[in-house]
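Note sheet for the following structure.
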Amino acid sequence: MLEINGKWALITGASRGIGRLAAAFLAQHGCNIVAQSRDVSHTQELLEELRGYGVEAYAVAAELSDTAQVQAMLKEIDEKGTQIDIVLNNAAVQIAYRTDYFTTPVEDYTTSFQINTIAPMLICYHYLPKMIARGFGRIVNTTSGIRLEPEQAGYSASKAALDKVTIDIGSKIEGTDVIISLTDPGWCRTDLGGPNAPNAPESAIPGVVVGAFVNDGKSGRLFCAGDFHGMSIEDAVAKAEAEIPSPYTV
């Protein structure tokens, strides 16, 4: 299992829900955190918690639907001299549930793709060349298990697109110490999942961060958080590496 003590992780959507839990988990394992939210005031309480674990942490702000703000955020991190080793592209938006799905508005697609696909891929494109040059990096993109629900077409299509690009990029770095993975937290009671979801946000830990700890050179895998519920990170990583195959295996 990878030792992350002293490394730096960028986590999007870190102010609440699964992003906040993931930030705390990584910090407990010695990882320094850059916490993204729409406003730095949203993460001030989190930063105090993270620093209590003895790590460094600071906040950045960006509205992920605005490409210029995403690029400005990345520039700010670079100008601080922070070497990002781990990226958790956790933030997402789920627009609406369209019962009359034949009238799904165009905005469901454009907004969903901007936040759920384009923003995380801009972050990937920014950090992957740096990771490849250094010979190390971990990126985990959060996807969704929603299938056969045209009522949520904008959301599910944007996540399917993220899956596709993640797996395609992974094929180019397979076998190296730069690993890009997918994670599905499951349906959790977060602001995105809603109050009627069957799972507590805590059930997604450690599954959503397994991709930050794997150390076997395999990219493109999907780690479903429910498969690791209740496990230690050591056991979760051992299970992931032993049981979840590379999508490039013939």
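Every number here is computed from the coordinates shown, using simple stated rules; none is lab data. Just so it is clear, the model here is predicted, and its values are computed rather than measured. All Cβ positions, even for glycine, are placed from backbone atoms using ideal geometry, and neighbour counts span all protein chains on display.
GNM on the chain, alpha-carbon springs under 10 angstrom: the most fluctuating residue among K164, K239, K172 is K172.
Using every Cα-Cα pair within the range 58-194, state what percent have a distance larger than 22 Å. Spell out each step's value before the answer.
Numbers: 3841 of 9316 pairs.
Of the Cα pairs, 41 percent sit more than 22 Å apart.
Most fluctuating residue of V178, V106, V210 in a GNM of the chain with Cα springs under 10 Å: which is it? Residue with maximal mean-square fluctuation among V178, V106, V210: V106.
K7 sits among other residues whose Cβ lies under 10 Å from its own Cβ, and their net charge, with Lys and Arg +1 and Asp and Glu -1, is -1.
Around A27, what is the net charge, scoring Lys/Arg as +1 and Asp/Glu as -1 over all other residues with Cβ under 15 Å from its Cβ? Residues close to A27 contribute a combined charge of -3.
First select every other residue whose beta carbon is under 11 angstrom from the beta carbon of S219; then total the charges, Lys and Arg +1, Asp and Glu -1. Net charge in that neighbourhood comes out at 0.
Our note on the geometry: Cα centres of the range 5-52 and the range 114-180, 20 Å apart. All Cα-Cα separations within the range 1-126 were binned at 5 Å from zero, giving a P(r) of 2, 11, 21, 22, 18, 11, 7, 4, 3, 1, 0, each value a whole percent of the pairs. For the range 1-94, the dipole from Cβ point charges (+1 on Lys and Arg, -1 on Asp and Glu) about the Cα centre works out to 160 debye, to the nearest 20. Only Cα sites of the chain enter the Debye sum here, all with the same form factor; the resulting log10 I(q)/I(0) across q = 0.11, 0.17 1/Å is -0.53, -1.37, listed in q order.
Given R₀ = 22 Å, what would the calculated FRET efficiency be for D216 paired with D168, taking r from the Cβ atoms and rounding to 0.05? Numbers along the way, then the final one.
Working: r = 20 Å, r/R0 = 0.91.
FRET efficiency, D216 to D168: 0.65.
For every helix of n ≥ 4 consecutive DSSP H residues, a contribution of -39,500 (n - 2.57) applies; sum these over the chain, divide by its total residues, and give [θ] at 222 nm rounded to the nearest 500 deg cm²/dmol. Numbers along the way, then the final one.
Values: 8 runs with 93 residues, N = 250.
Helix-only estimate at 222 nm: -11500 deg cm²/dmol.
Compute the normalised compactness of the range 23-79: alpha-carbon radius of gyration over 2.2 N^0.38 Å, N being the residue count. Before the final figure, lay out the partial values.
Details: Rg = 11.9 Å, N = 57, 2.2 N^0.38 = 10.2 Å.
With N residues counted in the range 23-79, Rg over 2.2 N^0.38 Å equals 1.16.
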